[in-house]
1. Would you tally the residues in segment 257-270 being of a type outside the set (D, E, K, R) and either surrounded by fewer than 16 Cβ atoms within 10 Å (Cβ to Cβ) or over 28 Å from Lys192 (Cα atoms) (or both)?
2. In segment 136-184, what residues are part of a helix (DSSP H, G or I) and among the acidic types (Asp, Glu)?
3. I need the full set of residues from segment 231-248 which are part of a helix (DSSP H, G or I) and either in contact with an Asp or Glu (Cβ under 8 Å, 6 or more places away or on another chain) or open to solvent by 40 Å² or more (accessible area, probe 1.4 Å) (or both), in order please.
4. Which residue out of Ala222, Ala187 is more than 30 Å from Arg480 (Cβ to Cβ), in a helix (DSSP H, G or I) and touching an Asp or Glu at 6+ places or on another chain (Cβ under 9 Å)?
5. Evaluate the following for Glu448: is it under 30 Å from Glu250 (Cα atoms) and open to solvent by 90 Å² or more (accessible area, probe 1.4 Å)?
6. Quick one: which residue in Gln344, Gln358 is modelled with pLDDT of 90 or more and within 23 Å of Asn297 (Cβ to Cβ)?
7. Those residues that are modelled with pLDDT of 60 or more, surrounded by 17 or more Cβ atoms within 10 Å (Cβ to Cβ) and of a type in the set (A, V, I, L, M, F, W, C), I need them from segment 11-65; list them, please.
Amino acid sequence: MAHQGLQQVQKQAQTLVLAPQLRQSLKILQAPTLELRNSILEELQQNPTLEELPIEGISIEQQASEGTESQENEPNSSDELQLSEEDYSKLSQLDEDYREYYTQEASNSQFTSEDAQRRQHFFDSLVSETSLQEHLLSQADLCDLTRAQKEGIDYLIGSLDDRGFLTITLSDAALMTQLPLSEMQYAADVLKSLDPPGIGAKDLQDCLLTQLKLTDRDDTLAAEIIRDHYELLLRHRIPDIARKTSSKIEEVQFAIEEIATLDPAPGSKFSDDNNRVVVPDVIVEKSDEEWQIILNNDYIPRLRISPAYKEMIATGKIVGKDKEYIREKIRAGRFLMNSIEQRQQTIERITQEILNFQLEFFEHGVSKLRPLTMNQIAQTVGVHETTVSRAIANKFIETPHGVFEFKYFFTPGYQGKDGQAVSNKSIKDRIANIISNENPAKPLSDQEVVKILAEEDVKIARRTVAKYREELGILPTNLRRRFS
């Protein structure tokens, strides 16, 4: 019988534990501009030795030298300095932070109470967007409904998918809520009258018809095509639709263009945050025939070590716990400033190498984008590939051709004309141009696009052309055909 009970077992294991300062340095490197700004402002609240200067007060490059000066001016005098009441008040208020800081240093734990407070501060700072359900419920509250009708519309709102379509039949909804079917039908009609137009439909066909009805276009040719010839519309059978509706082909094509302006998924705009503010971290522009790299420092607070606290240390008249606390906070502030400076230098060096490698893109546009890997940039800059990955994460670069994510410039490619490499983004751009210039009456097939690219010494498979065409949102050949 096997022995049961507690046993002590010695086991050797190898783990990697990052020091708190190293974790902070990596976090600063990876953070986009606005997130970095929030982190710095948070640190300013917690570290009394840090001060923020006006934009014109000090450059980021000077911040590191500020920290170095404070280190050089730290004598070891034991004379006591008479602190003001305000100074003691600051120290007292931050004493808890001081203890937690040393607890973290001693235990080297992965998650401290200070981390928990920062995490909670982050969540408390989030401002959530209005959901589809909240948007509809607020409108339903303004409608003149009976108790049963209000209960019915609330249930239907809760039964919508991300597109804004009902996921349940009205009879099933009435059965689940124990409401009369007539009340549920009335609630459904009210729901379909709310904003956004087309909400609460049972399917795409119903959604499109609802939008036309709400704009008094339910007796148009567009409505007739959706209502009576929906299958032909999906197959883009324009001649058949023209014959069945006794219309001219030009009239059918105009009606289809009108249908294309309708929203096929009215609820989707509430699914994701489409209002993200993009702040470029770097601006690359040409001035006097020379390319310039400008780091966007406008959103990064300028820091320095407070002269008052530097004086406390320099005179050597502050002693004991207060002295150690101030010195640790000065060291933490100096490390933060150095990390910010290192982040900016790394981003600038990476941008310079991207500019060198993708110079034709900056000169001429997307068609000249070349294949590039992070490993190539890492070797040139002299850092590890993971450092490049962290440095470009969620960051943007402003160019003469628009604002792009840094990762946009890292792309695989194909062998092109004269043996030169061509990026897949350039291939996509070329495919879009080829199709945009085709004869609408005789649109090009994917195989014909392959032949055109082959004439330009770009060898690519037909299925790859089809894949890129779909990614570009371009319809297949039969659905692009226009009839005269």
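1. 3
2. Glu151, Asp154, Asp172, Glu183
3. Glu231, Leu232, Leu234, Pro239, Ala242, Arg243, Lys244
4. Testing whether each residue is more than 30 Å from Arg480 (Cβ to Cβ), in a helix (DSSP H, G or I) and touching an Asp or Glu at 6+ places or on another chain (Cβ under 9 Å) leaves just Ala187.
5. Taking the combined requirement at face value, the residue does not satisfy it.
6. Of Gln344, Gln358, the one residue that is modelled with pLDDT of 90 or more and within 23 Å of Asn297 (Cβ to Cβ) is Gln344.
7. Ile28, Leu29, Ala31, Leu36, Ile40, Leu50
Per-residue answers, yes or no, for (1) free of Cβ contacts under 8 Å to residues at least 60 places away in the same chain; (2) over 25 Å from Ala140 (Cβ atoms):
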site: Pro196; (1), (2): no, no
site: Asp219; (1), (2): yes, yes
site: Glu224; (1), (2): yes, yes
site: Asp240; (1), (2): yes, yes
site: Lys244; (1), (2): yes, yes
site: Ile249; (1), (2): no, yes
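The values are calculated or read from the model by the stated rules, or taken from the named source; none is laboratory data. Keep in mind the model is a prediction, meaning the values are calculated, not measured. Glycine also receives a Cβ, built like all others from the backbone with ideal geometry; neighbour counts cover every protein chain displayed. For accessibility, only protein heavy atoms count, side chains too; no ligands or nucleic acids. Shrake-Rupley method; radii C 1.70, N 1.55, O 1.52, S 1.80 Å.
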